[in-house]
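Throughout, read-outs are computed from the coordinates displayed, never taken from laboratory work. The shown structure was predicted, so the numbers you read here are calculated from the model rather than taken from an experiment. Here the Cβ positions follow ideal geometry from the backbone for every residue, glycine too, while neighbour counts run over all protein chains shown.
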Amino acid sequence: MINNRKIQISVSILGADLSKVDQAIKLCEDSGVDAIHVDVMDGHFVPQITFGNKFLSDIKKITKLPNDVHLMVNNPDRFIDVYLKAGADAISFHIEADIHVNKTLSSIKDGGAKAGICIIPSTPVAALSEIIDIVDFVQVMTVNPGFAGQKIIHSSIRKIGELDAIRRAKNLSFEISVDGGVNSQTAGELIKQGADILITASAFFNAPDPKKEAAIIRSGGL
Ligand code: DX5
Ligand code: ZN
């Protein structure tokens, strides 16, 4: 708990050795993390191709941990149904990649999942003005999406504070998640600015003691 807020950790499975995905998920469970973050990349919106819906339905069979699916794909509206059917608990997509954003958010909520909107580092918070009151969470990208293991872009961090100020001013309850370059050095500032959910791949999986790393990040870093 930090200032009455429970900070949640979501571990991006992209950072795991996927030949041992069951062990990686067990490590997440044993480390007490809150969710598994599934980075879906289409090779168009971002350069790599990663997980399909079958991957999600398969990992659902081996864990009760909630998941959050991060769609880094063009035209994400076309993929909402298949990820809902695969068992997504939360789905976020990029405002830069979608046209009828209100409709896409509604289709996620109607399917019973939490609906999140993501912004890349070059997109200002102002781009969210027309949808901010209907999102369950905003995911601030603090790296350009596409790869795990990048360094945080410091100028993006202030957007967390801007969102927190909007949330207070409008008395809204959306959560703020942060994705990219989260580690024990950066977590403190992210939480101070108002982040509720910290997403991490490399800091967790590359740590000598991932459970300890998750606990340090959750408590505000070093
Ligand atoms: C980046 C992905 C992130 C990534 C985070 O495109 O959306 O979720 O896996 O990786 P780290 O924590 O290594 O920056
Ligand atoms: Zn992600």
**OP:** Within the stretch 7-68, report the trypsin sites (Lys or Arg not before Pro) that DSSP leaves as loop and that have at most 10 other Cβ atoms within 10 Å.
**Re:** Lys64
Subject >> Packing-based order for 29-37, 195-203, using average beta carbon neighbours within 10 Å, highest first >> reply: 195-203, 29-37
Subject >> Charge dipole (the stretch 169-220, unit charges on Cβ, about Cα centre) - positive-most of Val178, Ile191, Ala203 >> reply: Ile191
Subject >> Under 5 Å, built H, 5+ apart or other chain: amide partners of Ala90 >> reply: Asn67, Val69, Lys114
**OP:** Starting from 0 in steps of 10 Å, tell me what percent of the Cα-Cα pairs of the stretch 22-140 lands in each bin.
**Re:** 13, 46, 32, 9, 0
Original post:
Taking R0 as 22 Å, what's the FRET efficiency between Phe55 and Lys20 from their Cβ-Cβ distance, rounded to 0.05?
Top reply: 0.95
Subject >> Pair Ala127, Lys103: separation of 7 Å Cα→Cβ label points (nm) >> reply: 2.0 nm
**OP:** Please list the non-local residues whose amide H lies under 5 Å from the amide H of Cys118, H modeled 1.01 Å from N, same-chain partners needing a gap of 5 or more.
**Re:** Phe93, His94, Ile95, Gln139
**OP:** In vacuum, with every alpha carbon of the chain counted as one equal point scatterer, what does the Debye formula give for log10 I(q)/I(0) at q = 0.07, 0.11, 0.14, 0.15 Å⁻¹? Two decimals, please.
**Re:** -0.19, -0.47, -0.80, -0.93
**OP:** For Ala207, enumerate residues with amide H under 5 Å from its amide H, sequence gap 5+ or separate chain, H modeled in the peptide plane.
**Re:** none
Subject >> Charge tally in the Cβ shell below 12 Å around Pro76, where Lys, Arg are +1 and Asp, Glu are -1, Pro76 excluded >> reply: -3
